[in-house]
Amino acid sequence: MSLNIFICGVGGQGLVLLTTVIGNACAKSGIKVVTGEMYGLSQRSGAVSVHLRIGKDAFSPLIPYGEADILLSLEAIETLRYLEYLKKDGIVLMNKRIMHPPIETSKLITEKDSKYVTVEDIVYKLKEWTQNIAVVDALTLAKESGNARTENTVFLGCLSALDAFKVKEKDIRESISEAVPKKTIEQNLKAFDLGKQSAHGSLCTLVPCRPLP
Amino acid sequence: MVLKDILSKEKKAAFMLGNEAIVRGALEADVKVVAFYPGAPTSEVLDTFSDALSNFDYQMEITTNEKVALEVCAGAAFAGVRSLTAMKSVGTNVASDTLFVLGYTGVKGGLVIVMADDPHAHSSQSEQDGRFFGPNAYIPMLEPSSPQEAKDMVKKAFEISERHRVPVIIRTVTRVNHQSGIVQIGELNRGEFKKVKWKELNEEYTTLGEVARRKKLKMLERTAKLAEEFDQSEFNFTKQADSDVGIVTSSVSYLHVLEALRMLKLQNKVNLLKLGTTYPLPKNTIKNFIKNLKKVVVVEELSPYLEKELCGIAKEANPDLAIFGKKTGDFSEAWEYNPNVAAKGIASALGLEYTVTEAMVEEAKKFKETIPARYPTFCAGCPHRGTFVALNQALKIQVAKGQEHYFSNDIGCYSMWIYPPISRGDSSLCMGASVGVANGLSHVIEERAVAVVGDSTFFHAAIPALVNAVHNGNKFTMLILDNSVTAMTGQQYNPSTEFTAGGRQGKKISIEGICKAIGVEFVEVVDSYDVKGNVEVFRKALDYDGLAVVVCRRECALYGDRNKRRRGEKIVPFYVDKDVCKRPYVCLRTFYCPAYELDEDRQPRISPELCDGCSVCSRLCPIQSVKRTEVKA
């Protein structure tokens with residue numbers, strides 16, 4: 001069996017680094033992994049997505065529709081953009097943070113009745129697809145770690161709590177230390193721990209998790 | 001990947017991006033000269049070679065364009081030295097003049113050309129199928145499906161290149177370049193870099209007229225030999241099953257097919273031929289595969305390249321064979337494939353039930369309708385945003401005065417001007433074409449043409465068109481947006497900076513110096529952030545009765561921020577002072593910066609995490625409500 005994780009977010013949030021850390025950790029753990037990464041236009045603020053497939057039964061770099069076990073979304077709006085990939089009753093691991101695209105904001109000033117999409121709206125819609133939704137306040141946790149740019153590592157902490165995520169924690173920690181800038185290793189490891197703890201307060205009430213040591 | 005995997009001397013398993021695996025394969029083959037112009041999806045080949053440069057003795061250039069890159073490699077290969085270049089699909093068009101001739105002249109040292117097509121036009125202007133370069137230029141072509149194959153094929157390509165004295169194309173697609181996976185890396189035994197005595201080699205690489213005719217015959221002989229050799233290649237393999245149905249595929253489509261067969265519960269129930277050498281095709285391998293089959297399904301992205309060849313081979317080997325693919329309507333020539341597209345096509349060809357694709361996509365559609373689109377846009381702090389705000393204001397004033405315009409855009413971050421909420425642009429074709437097109441327009445339209453190019457695009461392909469404009473006295477306005485680096489592909493160095501590959505010292509070349517030297521009489525240089533001042537300069541350039549060039553200079557925000565972080569400088573964000581702001585929304589209406597949003601009271605606020613501190617919005621605010629955050633000492 002393979003574990004399929006569809007990761008999405010906004011350019012600049014560190015999706016590719018997150019993928020690299022997980023992939024390197026898989027290599028250390030001796031686990032097969034394949035990814036398909038979508039970026040290319042280098043600018044910030046565009047939609048970015050990664051197909052991450054762990055386990056020996058995954059062939060294609062792209063997850064077939066309806067076969068993602070987890071939809072990991074570093075920005076709340078983006079969650080709804082890729083639902084065709086998520087299994088019915090799959091897990092949504094979603095950031096509380098919304099980064100409103102300029103086009104949405106410019107609509108707000110030209111149309112008086114127009115409103116921003118909210119996290120509540122998104123969760124409400126998502127419930128038509130799955131009940132397994134965890135909303136993570138990753139920016140607050142990242143700031144708590146001492147570096148607001150570690151949201152991606154907070155989510156890695158959340159993932160590592162899951163029973164289905166078989167990559168060894170030791171390998172993930174090592175992989176974080178090798179991939180992030182030296183000055184930020186401590187902050188990233190802290191962000192990882194904060195993410196893991198937060199999962200035990202939310203996600204783990206919905207799906208099987210590894211016990212905390 | 002981490003750099004240490006690229007540098008590792010030992011065999012091991014490493015997690016690598018397709019592009020990184022290409023670099024590792026070349027290093028294992030002891031490549032000595034590499035040259036590139038960046039282009040998605042190949043840019044990480046350049047970046048990885050650049051990051052690793054200080055650890056090795058290879059020569060590396062970030063060249064002005066793909067043609068020059070290929071020529072740098074050809075020069076090395078003529079002297080018997082192994083070389084590699086990588087380019088995106090449309091970059092091959094630029095290099096093709098040289099490519100076709102190399103088929104005739106041949107090479108001595110191994111020359112490998114990585115050519116990355118971009119089905120779906122993720123980051124390109126077209127879905128060009130570069131496989132036709134192989135047969136058209138008589139240059140052998142290998143197609144990997146995964147990072148592992150990419151590494152293995154690059155290494156092997158050097159041997160093939162030297163054995164047959166011909167360059168070898170490694171043809172990839174975005175989903176191979178940007179696919180990561182576990183790669184078994186081999187040993188790294190690097191030889192010492194040594195200069196060669198040309199006279200002692202006794203080589204010649206000319207071709208013209210009678211010489212070309214002679215070399216054409218040799219080229220045909222070489223291709224026949226390669227076809228025979230490829231019949232034995234480990235890169236073509238079959239998976240046999242007890243069935244009279246077969247699937248022929250190559251590239252990443254092979255991986256989609258494996259997934260599709262699992263989804264259709266056809267694993268080990270149909271025969272499979274995976275082709276890795278797609279020019280010249282291994283005809284005997286294909287003949288043997290199809291001779292006892294009743295049906296064959298061809299799964300390949302873009303043009304029916306394999307399908308047409310297969311039809312020809314089947315005419316001889318198995319005339320009754322039913323061939324399914326694009327001609328039968330089971331697959332499309334448009335857009336990239338995925339496991340679902342492969343499953344749907346195979347099911348349709350074989351008369352099986354498969355409905356997942358439409359059902360899932362259709363169901364998910366109604367969720368997407370509730371969220372705003374997220375178009376690519378200029379980063380917070382991007383100098384282009386300031387340039388375009390000023391240009392828009394200048395154009396508006398000119399229109400009021402009775403002068404209208406044609407907006408000729410080009411390839412770079414500034415291409416994004418075509419996306420909402422701006423949606424401006426009359427044409428954008430390919431590298432440098434904005435200036436070429438403006439030449440022609442200046443003869444035939446009543447409006448004033450405005451051409452826009454970046455610094456890297458200027459050096460790449462715009463200079464000949466500009467020389468042409470001066471020589472012929474053509475009248476238009478040209479903006480050169482100089483942000484110091486080739487920003488869109490990942491901020492690589494170009495002649496606009498004093499750096500080159502690996503951060504080494506290079507000679508900086510003056511854009512305005514070139515313009516003046518070739519005789520442009522109106523040349524102004526401005527700071528892209530000075531919006532108010534630039535409106536006037538742009539107006540002058542639009543009014544000028546002749547060719548007017550404005551160089552808009554300010555470094556790329558991502559490049560600048562990275563440099564600031566390296567120097568330990570803080571990026572200080574701005575904020576909107578609520579007590580001052582009267583909400584005229586000038587910031588939002590004109591500037592569209594992604595760092596801006598509205599709070600619950602519809603009060604503009606700046607996200608401190610996203611703000612780059614560029615200050616341009618504060619200069620635009622008519623009531624000075626945007627202020628720099630005070631930093632405690």
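Computed extension length for B:T206-B:E159: 14.6 nm, one decimal, from 0.36 nm per residue of separation with the Cα-Cα distance subtracted. Taking the longest Cα principal axis of chain A as reference, the axis of helix A:185-201 is set at about 80 degrees.
The Cβ shell under 14 Å around B:K216 holds other residues with a net charge of +3, Lys and Arg each +1, Asp and Glu each -1. When the pairs B:K155/B:K507; A:K87/B:K294; B:K287/B:K308 are compared against a 26 Å limit on Cα-Cα distance, B:K155/B:K507; A:K87/B:K294 fall above it. Length available on full extension from B:K540 to B:K564: 0.36 nm per residue minus the Cα-Cα distance, which gives 5.2 nm. Its Cα centre serving as origin, the protein assembly as shown has a Cβ charge dipole (Lys and Arg +1, Asp and Glu -1) of approximately 1140 debye.
When each of the peptides B:436-449, B:181-194 is scored by the mean number of other C-beta atoms lying within 10 Å of its residues, the order from highest to lowest reads B:436-449, B:181-194. Using Cβ point charges alone (K and R +1, D and E -1), the dipole size of the range B:480-557 about the Cα centre works out to roughly 320 debye. Sequence-distant contacts, meaning Cα pairs under 8 Å at least 6 residues apart, place the relative contact order of chain A at 21 percent.
Remark: the range A:136-146, residue by residue, has Karplus-estimated 3J(HN,Hα) of 10, 8, 5, 5, 4, 5, 5, 5, 4, 6, x Hz, where x stands for each Gly or Pro and the curve is 6.51 cos²θ - 1.76 cosθ + 1.60 at θ = phi - 60°. Computed from phi, the 3J(HN,Hα) profile of the range B:70-85 under the Karplus parametrisation 6.51, -1.76, 1.60 (θ = phi - 60°) reads 5, 5, 4, 5, 4, x, 5, 5, 4, 8, x, 9, 5, 9, 9, 10 Hz, with x in place of Gly and Pro. Each of B:K4 and B:E192 was given a label point 7 Å from its Cα along the Cα-to-Cβ line. The distance between the two points is 3.0 nm. On a 0 to 90 degree scale, rounded to 10, what angle separates helix B:531-543 from the longest Cα axis of chain B? It is inclined by approximately 80 degrees. Counting only other chain Cβ atoms within 10 Å of each residue's Cβ, the peptide A:44-53 averages 5.
Between the range B:60-126 and the range A:37-104, the alpha-carbon centres lie 34 Å apart.
Only protein atoms count toward the accessible area here, which uses a 1.4 Å probe; on chain B, the carbon and sulfur part of that area reaches 50 percent. Residues whose amide H comes within less than 5 Å of that of B:D527, counting only those at least five positions distant or on another chain, are B:R553 (H built at 1.01 Å from N in the peptide plane).
Taking amide hydrogens as placed 1.01 Å from N in the peptide plane, the amide H of B:R583 sits under 5 Å from that of no residue at least 5 positions away in sequence or on another chain. Per residue of peptide B:15-22, the mean number of Cβ atoms on other chains within 10 Å of the residue Cβ is 3. Interface size, chains B and A: roughly 6000 Å² of accessible area buried, both sides included, 1.4 Å probe, rounded to the nearest 100.
Remark: the range B:332-348, residue by residue, has Karplus-estimated 3J(HN,Hα) of 9, 7, 9, 6, 6, 9, 8, x, 5, 5, 4, 5, 5, x, 5, 4, 5 Hz, where x stands for each Gly or Pro and the curve is 6.51 cos²θ - 1.76 cosθ + 1.60 at θ = phi - 60°. Annotation for the range A:1-71: trypsin sites (Lys or Arg not before Pro) lying in DSSP loop with at most 14 further Cβ atoms inside 10 Å of their Cβ are A:K56.
Contact order, relative form, for the range B:383-564: 25 percent (alpha carbon pairs under 8 Å, 6 or more residues apart, mean separation divided by residue count).
Site pair A:T110 and B:V470 shows an inter-label distance of 4.2 nm when each label is modelled 7 Å from Cα along Cα→Cβ.
Given R₀ = 22 Å, FRET efficiency for B:E404-B:L429 by Cβ-Cβ distance, to 0.05? After rounding, the FRET efficiency stands at 0.55.
Heavy-atom accessible surface of B:K540, to the nearest 10 Å², is about 110 Å², with a 1.4 Å probe and all protein chains retained. All other residues whose Cβ lies under 12 angstrom from that of A:Q13 are scored, Lys and Arg at +1 and Asp and Glu at -1, for a net of -1. Please build a GNM for chain A, connecting alpha carbons under 10 Å apart, and tell me which residue among A:H51, A:H200, A:H100 fluctuates the most. Sorting by GNM fluctuation, first place goes to A:H100.
Once C-alpha pairs closer than 8 Å and six or more residues apart are averaged by separation and normalised to the residue number of chain B, the relative contact order reads 11 percent.
On a C-alpha basis, how far is the centre of the range B:599-623 from the centre of the range A:191-213 in Å? Whole number, if you could? Each part's Cα centre sits 37 Å from the other's. Straight Cα distances below 16 angstrom link B:K315 to the aspartates and glutamates B:E307, with same-chain residues fewer than 8 positions distant left out. Candidate cross-link partners of B:K401 among the lysines, defined by an alpha-carbon separation under 29 Å and a same-chain spacing of 8 or more, comprise B:K475, B:K532, B:K540.
With the simple model of a label 7 Å out from the Cα in the direction of the Cβ, B:I397 to B:A241 spans 7.0 nm. Using the Cα gyration tensor of the protein assembly as shown, with a ≥ b ≥ c the square roots of its eigenvalues, what is the shape: rounded (a/c below 1.5), prolate (a/b larger than b/c) or oblate (neither)? It is oblate, given that a/c is not under 1.5 and a/b is not larger than b/c. So, for the protein assembly as shown, what is the accessible surface per residue at a probe of 1.4 Å, expressed in square angstrom? Spelled out: the 1.4 Å probe surface of the protein assembly as shown, per residue, equals 40 Å². Amide H contacts of B:Q492 (H built 1.01 Å from N, in plane; Pro and chain starts excluded): B:T486 sit under 5 Å, all sequence-distant by 5 or more or on other chains.
If you fit an axis through the alpha-carbon atoms of helix B:209-230 and take the longest principal axis of the Cα set of chain B, what angle between them do you get, 0 to 90°, nearest 10? The answer is roughly 70 degrees.
For chain B, how big is the tail of P(r) above 45 Å, as a whole percent of Cα pairs? Within chain B, distances greater than 45 Å cover 28 percent of Cα pairs. Other protein chain C-beta atoms within 10 Å of residue C-beta, averaged over B:253-261: 4. Counting only protein chain heavy atoms and rolling a 1.4 Å probe, the accessible areas of B:K315, B:K215 rank, largest first, as B:K315, B:K215.
The values are calculated or read from the model by the stated rules, or taken from the named source; none is laboratory data. These numbers come from a predicted model, not from an experiment. Positions of Cβ are backbone-derived with ideal geometry, glycine not excepted, and every protein chain shown enters the neighbour counts. The area values use the complete protein model at the heavy-atom level, side chains included, leaving out ligands, DNA and RNA. Shrake-Rupley method; radii C 1.70, N 1.55, O 1.52, S 1.80 Å.
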